[in-house]
Amino acid sequence: MLAAKNDNRREVKNLYFAIGVKHGDLIGSFCFWISNCLCCIIIVITMIEAEGRDFRHMKIFMDTANTNEIAELADWGIVYGVTTNPSLIAKTGRQQEQVIAEICRLIEGPVSAEVISTDCPGMLIEARSLASIAPNVVVKLPCTVEGLKAVRLLKKENVRTNVTLVFSLTQALLAVEAGASYVSPFIGRLDDIGEDGMKIVEDMVTIFRNYGYKAQIIAASIRDLNHVHRAMLAGVDIATIPTKIIREMIGHKLTDAGLKKFLEDYEESLSKANAGHKI
Ligand code: G3P
């Protein structure tokens, strides 16, 4: 009797053990698949975020309102966008709306057009009018209290903004917090007053990465190739570059000399071959 009871208990124990193993397997494989799915989701989110920030390449914008130059360089296939400002528009001697409309026909990417008003209500009126020119217009506003107020309101209307005349890290932070899509630190003008303009840009990149800000940094007021090199090393999203410097980016005396020699060598061998043929 006692032996039968013990046998029963053993069987029940074995049964519980078997159920435990079975459930353990199920739980194990469930956890395995859930962790795999989570990993995939994290990878996809990271890729989407990286795409949004565009950290993988430095886009080249032309810093000009000269439509002939824009049309010429657009054919090179390296121009992603354009930035203008009231001084650059003034050089064309034409109406801003006309110039911006023409640039937007030449360039598919973002085209920054700046407001002239200095008060928020005036900026809003101008911004809406500029934004209505083409879908790729980005409204450029100065980094002032009125400018930031306008940035906040324009974001609610889904109008993209570029906060310009940024000379400090705190200005950049406030611009992003207000909702700017782009922030433009001016390198050359900081150099002009004895500061290292590029250092501010480098620090800005670090800060934006630290906090995962989505706004893109446009390295502006670029005056030479060294600025372009340092902008690339800093990892800015965009460098807006005057046409003259973009032309300098492609040139190198060794490229010219090398090409000349290649063609000379080829011509020489061709003449020799032709001479031999004649003999
Ligand atoms: O994008 C800003 C730029 O147009 C200003 O350049 O040389 O006048 O300081 P710069």
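Listed by first and then second residue, the pairs linking a residue in the stretch 59-73 that is farther than 15 Å from Pro86 by Cα to a residue that is acidic (Asp, Glu) and buried (at least 23 other Cβ atoms within 10 Å of the Cβ), with Cβ atoms under 6 Å apart and 6 or more places separating them unless they lie on different chains, form an empty list. Residues in the stretch 172-203 that are in a helix (DSSP H, G or I) and under 20 Å from Thr83 (Cα atoms): 10 in all.
This table checks each residue for (1) modelled with pLDDT of 95 or more; (2) in contact with a strand residue (DSSP E or B) (Cβ under 6 Å, 6 or more places away or on another chain); (3) of a type in the set (D, E, K, R).
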| residue | (1), (2), (3) |
| --- | --- |
| Ile193 | yes, no, no |
| Asp196 | yes, no, yes |
| Val201 | yes, yes, no |
| Phe208 | yes, no, no |
| Tyr213 | yes, no, no |
| Ile222 | yes, yes, no |
| Leu225 | yes, no, no |
| Met232 | yes, no, no |
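For the stretch 163-195, a residue qualifies if it is more than 15 Å from the ligand (Cβ to nearest atom), hydroxyl-bearing (Ser, Thr, Tyr) and under 16 Å from the mean Cα position of the chain (by Cα), and exactly one does: Ser181. Taking every residue in the stretch 227-253 that is under 14 Å from Tyr80 (Cβ atoms) and pairing it with any residue that is surrounded by 12 or more Cβ atoms within 10 Å (Cβ to Cβ) and at pLDDT below 95, at least 6 positions away or on another chain, the pairs with Cβ-Cβ distances below 8 Å are Asp237/Arg53; Asp237/Asp54; Asp237/Phe55.
In this structure, Thr240 qualifies as touching a Phe, Trp or Tyr at 6+ places or on another chain (Cβ under 8 Å) and either closer than 24 Å to Val79 by Cα or surrounded by 10 or more Cβ atoms within 10 Å (Cβ to Cβ) (or both). Among the residues of the stretch 235-255, those identified as under 19 Å from the mean Cα position of the chain (by Cα) and within 14 Å of the ligand (Cβ to nearest atom) are Val236, Ile238, Ala239, Thr240, Ile241, Pro242, Ile246. Determine whether the stretch 149-156 contains at least one residue that is surrounded by 22 or more Cβ atoms within 10 Å (Cβ to Cβ) and within 16 Å of the ligand (Cβ to nearest atom). Within the stretch 149-156, not a single residue is surrounded by 22 or more Cβ atoms within 10 Å (Cβ to Cβ) and within 16 Å of the ligand (Cβ to nearest atom).
Just the residues that are crowded, with 18+ Cβ neighbours inside 10 Å, within 21 Å of Glu177 (Cα to Cα) and either polar (S, T, N, Q) or away from the ligand (no atom under 11 Å from the Cβ) (or both), please, taken from the stretch 203-234. Passing the criteria: Met204, Val205, Phe208, Tyr213, Ala215, Gln216, Ile217.
Looking at the stretch 80-124, which of its residues are in a helix (DSSP H, G or I) and within 16 Å of the ligand (Cβ to nearest atom)? Result: Pro86, Ser87, Leu88, Ile89, Ala90, Lys91, Thr92, Gln96, Val99, Ile100, Ile103.
The values are calculated or read from the model by the stated rules, or taken from the named source; none is laboratory data. Note that the structure is a prediction, hence the values are computed from the model and not measured. With ideal geometry, Cβ positions are generated from the backbone for all residues, glycine too; neighbour counts draw on all protein chains shown.
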